[in-house]
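The values are calculated or read from the model by the stated rules, or taken from the named source; none is laboratory data. Please read all numbers here as calculations on a predicted model, not as lab measurements. FYI the Cβ positions are ideal-geometry reconstructions off the backbone, even for glycines, and counts take in every protein chain you see. To get the accessible areas, we keep the full protein, side chains included, count just its heavy atoms, and leave off ligands, DNA and RNA. Shrake-Rupley method; radii C 1.70, N 1.55, O 1.52, S 1.80 Å.
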Amino acid sequence: MLDTGEKVHRRLRGEFAKIYNEAPMGLCYLDTDLRYVHVNAWLANLNGLPAEAHIGRTIRELLPDVAEGVEQQFRRVLDTGEPIIQGRVHAETPAHPGVKKHYIHNYYPVKQQDGTVVGLTCAIQLSLKALVANDKSQPPEQENGSRRQNRAIRSAGDGFIGDSEPLRETLKAIEQVAKTDSTVLILGETGTGKELVAHAVHDNSPRRDRAMVTVNCAALPASLIEAELFGREKGAYTGALTRQTGRFELADGSTIFLDEIGDLSIELQTKLLRVLQDGEFQRLGSSKTHKVDVRVV
C-alpha cells in the first residue's frame with residue numbers, strides 16, 4: 001500500500017495535471033529545438049489542431065505564421081536563460097485562417113541545477129484587442145449593438161489580459177470616457193494598472209496624436225514639484241539659472257497623468273484645482289497667467 005505522503009503527492013500531481021489541461025490560457029512545454037513536448041487543451045483549440053498532433057513537431061512545421069513572431073523570442077530565452085514577459089505576436093492559426101490575432105506570450109526557461117536551459121514553458125493569452133474570427137463576416141452596417149460594443153472594448157483594451165466581467169466593465173468605462181474631455185480619477189492600489197488605464201484613456205481619445213505626459217507625484221520632492229508641474233522663471237529661487245517649462249505646458253493639447261496625486265500638499269492641490277477648473281496657472285516666480293488645453297487623468 002502507498003503511504004500517506006505518496007498518496008498526497010499522487011493526488012496533487014493529478015490535480016495539477018487537471019489545472020494545467022483545463023486552464024483558460026495556452027500552456028505548453030518545448031524542448032531546445034522548439035518541439036512541442038506538452039500542450040494543454042486551450043492551446044490546442046486556439047491552434048486548431050489536436051493536442052497529440054503537436055507532440056514532437058516544431059512550431060514552424062505546424063504554425064509557420066506564428067513561428068515568424070515567436071522563434072526569435074524563444075531563442076533569446078534559450079540563449080540568455082532569462083524569461084520574457086508580455087511578448088507580443090500578431091499571427092493567424094489553422095483555427096481561423098485569414099484572420100490575424102494579437103497574442104501575449106510569456107516565456108520561462110526550464111533549467112537544470114547547473115543552470116543549463118533544457119526547455120521552455122510558455123503561457124499564451126489572446127489580447128483583448130484580438131479580433132474574433134466571425135467579426136469579418138458582417139459589414140459594419142449589419143452589426144448589432146453588442147458586437148459594436150465588443151469591438152470598441154477590444155480596441156480600448158490592448159495590453160489588458162483577461163475576460164472577467166469587472167474587466168469588461170472597466171474597458172467599457174474607458175471607451176465611454178475616452179471620447180470626452182472630462183477629468184478622470186483612477187483609483188486602485190499600487191500595481192493594479194492605473195497607468196495602463198490612463199494610457200488606454202489617452203490612446204482612445206481625440207488627443208492620441210500627441211504624447212501623454214506622466215508625472216509621478218510621489219517621486220518628486222515637495223520643494224520641486226510645483227516647478228515641475230507649472231514651470232519656473234529664471235531666478236525664481238536660488239539655483240534657478242534658467243527658465244523651466246512645466247509639465248502642464250508640455251501637455252498642452254494632450255493628456256497629463258498625475259500618478260499618486262494624493263501625495264501632493266494641500267497648498268499645491270489648491271493651485272491644481274485652478275488648472276482643473278479654468279486651465280490656468282502661473283509659473284513659479286511669475287505673475288503672468290498661462291492658459292492650456294490639457295486633459296487631466
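Couple of notes before you dig in:
- Residue in region 139-179 that is modelled with the lowest pLDDT, counting only those that are within 16 Å of Met212 (Cβ to Cβ) and of a type outside the set (D, E, K, R): Ala156
- Helices (runs of 4 or more DSSP H) within region 211-280 that include 3 or more residues in contact with a His (Cβ under 7 Å, 6 or more places away or on another chain): none
- Going through (1) within 26 Å of Leu167 (Cα to Cα); (2) at pLDDT 85 or above one by one, Lys100 falls short only on (2).
- So Thr170, is it of a type in the set (Val, Ile, Thr), farther than 26 Å from Leu264 by Cα and either in contact with a helix residue (DSSP H, G or I) (Cβ under 6 Å, 6 or more places away or on another chain) or not in a strand (DSSP E or B) (or both): yes
- The residues on offer are Glu61, Glu68, Glu82, and the sole one that is surrounded by fewer than 15 Cβ atoms within 10 Å (Cβ to Cβ), in contact with a Pro (Cβ under 9 Å, 6 or more places away or on another chain) and not in a strand (DSSP E or B) is Glu82.
- Checking each residue in region 246-263 for being crowded, with 20+ Cβ neighbours inside 10 Å, touching a helix residue (DSSP H, G or I) at 6+ places or on another chain (Cβ under 7 Å) and either farther than 22 Å from Gly235 by Cα or not hydrophobic (A, V, I, L, M, F, W, C) (or both) picks out Gly246, Thr255, Ile256, Phe257.
- Qualifying residue in region 246-257 (condition: more than 23 Å from Ala198 (Cα to Cα) and not β-branched (Val, Ile, Thr)): no
- Every pair of residues 6+ apart whose Cβ atoms lie under 9 Å, when the first sits in region 43-54 and is modelled with pLDDT under 85 while the second is open to solvent by less than 30 Å² (accessible area, probe 1.4 Å) and in a helix (DSSP H, G or I): Asn47/His54; Asn47/Leu62; Asn47/Val66
- For region 223-237, the criterion of a residue being of a type outside the set (Phe, Trp, Tyr) and under 20 Å from Thr190 (Cβ atoms) is satisfied by at least one position.
- Residues that are more than 18 Å from His290 (Cα to Cα) and open to solvent by 80 Å² or more (accessible area, probe 1.4 Å), drawn from region 264-276: Ile266, Glu267
- Looking only at region 187-243, and only at residues there that are among the polar types (S, T, N, Q) and modelled with pLDDT under 80, the one that is surrounded by the fewest Cβ atoms within 10 Å (Cβ to Cβ): Thr238
- Some residue of region 21-36 being in contact with a Leu (Cβ under 7 Å, 6 or more places away or on another chain), assigned to a helix (DSSP H, G or I) and open to solvent by less than 90 Å² (accessible area, probe 1.4 Å): no
- Of all residues in region 165-181, those satisfying the criterion of being under 25 Å from Val275 (Cα atoms) and open to solvent by 60 Å² or more (accessible area, probe 1.4 Å) are Gln176, Lys179, Asp181.
- Residues of region 191-210 that are in a loop (DSSP other than H, G, I, E, B) and under 15 Å from the mean Cα position of the chain (by Cα): Gly191, Thr192, Gly193, Asn204.
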